[in-house]
Amino acid sequence: MCDQTFVAATFGPCDSCGTASPLMNIYIKNEPINYCSFCMEVMACQGLQKGETLATLKKECESLKKKLEEDRGKLNDVELHQVAEKVEVVGALSIKTRRVLKGHTNKVLCMDWCKDKRRLVSSSQDGKVIVWDGFTLNKEHGMSMPTTWVMACAYAPSGCAVACGGLDNKCSVIPLSLDSNENCAAKKKTVAMHTNYISGCTFTNSDMQLLSCSGDGTSALWDVESGQLLQSFHGHTSDILSLDLAPSETGNTFVTGGCDKKANVWDMRSGQNIQSFECHESDINCVKYYPSGDAFASASDDATCRFFDLRADREVAVFQKDSIVFGASTVDFSLSGRLLFAGYNDYTINVWDVLKGTRISMMFGHENRVSRVRLSPDGTALCSASWDNTLRVIDIFCCFQA
Amino acid sequence: MTIRTARPDRVQHFRPRMHCLKKLEAMVVEMQDQKSGVKGSEQKLNVTTIPHVLTGKDIIAWIANKMKTTPEEAQTFSTMLVAYGYIYPLQNHKKLVMCNDSSLYRFQTPYFWPTQKWFAEDSDYAIYLAKRNIRKKGMLEPYEQAHYNHLHEWLNHKWDFIVMQATEQYKAGKERKKPDRVVFDCQERAYWIVNKPPRRTHSAIDCGPERLIDPNTDEKITFDQYRRQNMFYQQAIMRSKVKSSVSLGALVKYVTTYKNHDPFLAPCLPSNPWQTDHDAYWTLNMRRVDLPTKMRVERWSFSLFELLSDLRGRDDFKIFLKKEFSGENLAFWEAAEELKWGTAASMTAKAETIFKTFLAPGAPRWINIDGRTMGLTVKGLDHPHRYVLEAAQTHVFLLMKKDTFFRYLKSPVYKDIQKKALNPEAHNFSPAQLEQNANSRSPGIHPIILWQQEEEEKAKAAAASAPVDVKAMMSKIDRKK
């Protein structure tokens, strides 16, 4: 658990203007100070001082970046597969598709599980959002959105609502009801408004707040009831394609990945970008936290998935193979964090051993790109959504070698 | 309220990066090598003889050999070559897959290879369709006819030019020798199947909505962006980091600890509902069971986070705290969570209630935190904000985590529940029973009903207990709004 972020002072009087507000912890000439985001912006945008030019700022930036890399390198005393040498190898996999959910008429772009471990919501290019009971294959609700390409959907923690968004640049929350025939879309409420497409959304620990990320390069935290913008997060220099909320006891951080090849970790309270990783060679399509909250994995168009350790502040593993040439579009971990499931643009899902860094197995079956893989909340099944218009619920069982 | 970005929307939109193109091109060039590439032959198609035709199984075998992979993986890779348009099928031209048999394929000419730089032009497509119209005298497929009508409307201003080009190309085509013409027609048709796929054809060029930046150029960075980056790097350098051996050791430990709780690595008892179609596993692990399972109780001991996240565990923890007369820390933590994650409108009322119940001098459930934190918190409550209790909440949580949690694990309350916990027998269904299960899958209880039940329970608990249950009062305030 990131103790540091947990105990950082993120609320109080700003050192510059004195107002009590969420604070960013920064350093001016090596002295730690706490500024509110407004004072921070003012400081960043003030005119060039005496002796400062674009070139000197750029040089400073490069030398700081180099120093950060050196510091990270100093703590690099062992590799992940070395630490995991004594761990037993995962053996043969038994993979079975238990359910195939058919009903969408075009590419399925996103899906999310409900906390009851059996229901799920999926959204598609055809503009429809469907709530299924995965166990009985019953379609409980089908809602039409005003635009096509609904790229993000999320189930609320209480199970009483879903959120979705896409090319309409908005993220809306739709309360669900017990009556399947009721037109839920009529009670749709617009919460998030961005200036470009919505690529990801998730509820926080309650139904009342929504986190969204967008193609306009920003992510934001919203109050569902009023639609008020609670916090915005700026820092990416291009489209953000994915976000994930930390599963730690604080739930105060989240990670985003974007087309600028960076994965950024943000403090939800102050809006500050606290960590950044630039190791991929192409767009990052998906980011997902490790179950303990101390690490995360990312999937990218450069055909690799990478594993980043937040406490050591560096990339600790790359999941790649010469024969894997097509971009990875989605990742998820198994409950213990031992297995990594990655969906690729060559219609397959690869199962990686996180500790050893090797590929355990491949899953075939989809007829088009796999857009999303998600583990069910209790870890009993994996759901994969694909551009071939179907979703599959897959059950996996590994044995250990004697 | 709309969030505004500082980055300009240059109105131009760019297709997503296709990072794999370079590798694919290198592979395709190798495959066409005279000596070491895939062996092709001449084939008769209708009346014409077409050169350089390959079979699916030859291609797959060559790739499996070259990349040292299984035939399945090689088939996946070659399907992608077809989906991107580097290879096209001669029979069944609308299905962009590679079959591991004697189906016929040809390499696409480099002129028609996919490129990062531009989309296939609409006007080129219009010319192609117009040309097909002339040749086959109006025999376009329904989806092509739909495209044609749309383009006719959209490009009406250019239509004379388009028809002229189409006629010229048609005439030029007639002058070619028949085999060359057939080959060129196949290539052109394949190009358009990939770039404007009919329904039910999966083409890899179809890659989603456009992106806001051009992946081929670098963006100019302004001085304020440099300043922000510098501030970020300084903060990142000063941030304390941990040695890899320590943090990686912790990751490995996490995997080892949870191994037996991972349904993919160890059997879940009585059985995985997805495997046997029997939902006993979910029923036994519901929110309000009298007796939890042994695995669930074991999981509570892994960390305070696990104990508090599982509401059944939290209930057990509360029983322990009640016996110790130290329930106010957890109550404050819960109240602070409700404030943090609650609606914006309810904040002021909640903050006031929290102050009166936990922080004011002589409050009924006064929490014992250090003077500095208390001072900061009370001052912050003058202008309540959802994060005003962060410092106090963190302090209380760390206290529970480092002291109370361990005492709970050693307490009679925990040992008692460990003893009483259920250890269900593994299911052993016969194939007939499995089939029966599959035909009678239980619908379970709808989460909305469970949520309503929870709210009722909370209200009852609030009414019954004294001193005042802050959490219930605050969710009541939430519901009123």
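No lab work stands behind these numbers, since they all come straight from the coordinates. Fair warning: this is a prediction, and the values are worked out from it, not measured in the lab. Glycine gets a Cβ as well: all are built from the backbone with ideal geometry, and neighbour counts include every protein chain shown.
Using a 10 Å cut-off on Cβ to Cβ distances, tally the other chain neighbours for every residue of A:288-297 and report the average as a whole number.
3
Between 0 and 90 degrees, the angle of helix B:56-67 with respect to the longest Cα principal axis of chain B falls at about 60 degrees. Highest mobility in the GNM of chain A, judged by mean-square fluctuation with C-alpha springs under 10 Å and restricted to A:Pro291, A:Pro22, A:Pro13, is found for A:Pro13.
Computed log10 I(q)/I(0) for segment A:283-402 at 0.14, 0.21 Å⁻¹: -0.53, -1.21, from the Debye equation with unit scatterers placed on every C-alpha and solvent omitted. Counting only alpha carbon atoms, the long axis of helix B:21-31 and the longest principal axis of chain B meet at about 40°. When only the Cβ of Lys, Arg, Asp and Glu is charged (+1, +1, -1, -1), the dipole of the protein assembly as shown relative to its Cα centre reaches about 780 debye.
Using the structure shown, list the pairs from A:Lys29/A:Lys288; A:Lys170/B:Lys196; A:Lys65/A:Lys261; A:Lys139/B:Lys480; A:Lys115/A:Lys187 with a Cα-Cα distance above 24 Å, or answer none. Kindly include the intermediate steps, with their values, before the conclusion.
Details: A:Lys29/A:Lys288 35 Å; A:Lys170/B:Lys196 29 Å; A:Lys65/A:Lys261 16 Å; A:Lys139/B:Lys480 32 Å; A:Lys115/A:Lys187 22 Å.
Pairs exceeding 24 Å: A:Lys29/A:Lys288; A:Lys170/B:Lys196; A:Lys139/B:Lys480.
Its Kirkwood hydrodynamic radius, worked out from the mean inverse distance over all distinct Cα pairs, puts the protein assembly as shown at 29.7 Å. The modelled label-to-label distance for the pair A:Leu93/B:Leu21, using points 7 Å beyond Cα in the direction of Cβ, is 3.2 nm.
With Cα atoms as the point set, segment A:190-284 shows a radius of gyration and Dmax of 12.5, 40 Å. For the pair B:Val378 and A:Lys187, a Förster radius of 41 Å applied to the C-beta separation gives a FRET efficiency near 0.50, rounded to the nearest 0.05. Candidate cross-link partners of B:Lys39 among the aspartates and glutamates, defined by an alpha-carbon separation under 17 Å and a same-chain spacing of 8 or more, comprise B:Glu30, B:Asp58, B:Asp101.
Under 5 Å from the amide H of A:Ala295 lie the amide H atoms of A:Tyr290, A:Leu310, each residue being 5 or more positions distant or on a separate chain, with H modelled from the backbone and absent for Pro and chain starts.
Taking A:Tyr155, A:Tyr35, A:Tyr289 as the candidate residues, the one with maximal mean-square fluctuation in a Gaussian network model of chain A, Cα springs under 10 Å, is A:Tyr35.
Derived scalar couplings between HN and Hα for segment B:100-109 equal 8, 8, 8, 5, 9, 9, 9, 6, 7, 5 Hz in order, rounded to whole Hz, by the Karplus curve 6.51 cos²θ - 1.76 cosθ + 1.60 (θ = phi - 60°), x for Gly and Pro. Taking every Cα-Cα distance in segment A:25-72 and sorting them into 10 Å bins from zero, the calculated P(r) comes out as 21, 43, 35, 2 percent. Couplings 3J(HN,Hα) of segment A:96-104, computed from phi: 9, 7, 9, 9, 10, 9, 10, x, 6 Hz, in residue order, whole Hz [Karplus 6.51 cos²θ - 1.76 cosθ + 1.60, θ = phi - 60°; x for Gly and Pro]. Relative to the longest principal axis of the Cα atoms of chain B, helix B:244-258 runs at roughly 80 degrees. Note on segment A:279-402: with charges restricted to the Cβ of Lys and Arg (+1) and Asp and Glu (-1), its dipole about the Cα centre is near 260 debye. Measuring nothing but how far apart in sequence close Cα pairs (under 8 Å, 6+ apart) lie, relative to its length, segment B:259-388 scores a relative contact order of 13 percent. Identify all aspartates and glutamates with a Cα-Cα distance to B:Lys460 below 13 Å; exclude those on the same chain that are fewer than 8 residues away in sequence. Output for B:Lys460: B:Asp469. The Rg/Rh ratio for segment B:1-146, using Cα coordinates for both the radius of gyration and the Kirkwood hydrodynamic radius, is 1.08.
Please give the average number of partner chain Cβ atoms lying within 10 Å of the Cβ of each residue in A:310-318, rounded to a whole number.
Shielding by partners across A:310-318 averages 4.
Taken residue by residue and averaged, Cβ atoms of other chains lying within 10 Å of the Cβ of B:259-272 number 6.
Starting from the Kirkwood Rh over alpha-carbon pairs, what translational D in µm² s⁻¹ does segment B:224-302 have by Stokes-Einstein at 10 °C and 1.306 mPa s? Can you show the working numbers first?
Working: Rh = 16.7 Å.
The estimated diffusion coefficient comes to 95 µm²/s.
Taking springs between alpha-carbon atoms closer than 10 angstrom, which of A:Asp346, A:Asp77, A:Asp216 fluctuates most in the Gaussian network model of chain A? Highest fluctuation of the listed residues: A:Asp77. Ordered by the number of other Cβ atoms lying within 10 Å of each residue's own Cβ, fewest first, B:Cys99, A:Cys305 fall into the sequence B:Cys99, A:Cys305.
Going highest first, how would you order B:78-84, A:58-64, B:255-261, A:179-185 by mean Cβ packing within 10 Å? Please list the in-between numbers first.
On the way: B:78-84: 23.9, A:58-64: 15.1, B:255-261: 18.3, A:179-185: 13.0.
Per-residue mean Cβ counts within 10 Å order the peptides as B:78-84, B:255-261, A:58-64, A:179-185.
Around the amide H of A:Ile394, modelled in the peptide plane, lie the amide H atoms of A:Arg98, A:Leu382, A:Cys383, A:Ser384, all under 5 Å away and 5 or more residues distant in sequence or on another chain. Could you tell me how far the Cα centroid of segment A:232-267 sits from the Cα centroid of segment B:419-481, in Å? Taking the Cα centre of each part, segment B:419-481 and segment A:232-267 sit 33 Å apart. Along the Cα→Cβ direction, 7 angstrom out, place labels at B:Ser442 and A:Asp15. What is the inter-label distance in nm? Inter-label distance under the simple model: 5.8 nm. In the structure displayed, which of B:Lys66/B:Lys94; A:Lys321/B:Lys243; A:Lys59/A:Lys321 lie more than 32 Å apart, Cα to Cα? Check vs 32 Å cut-off fails for A:Lys59/A:Lys321. Taking amide H as placed 1.01 Å from N in the peptide plane, A:Ile360 has its amide H under 5 Å from the amide H of A:Val351, A:Trp352, A:Asp353, each at least 5 places away in sequence or on another chain.
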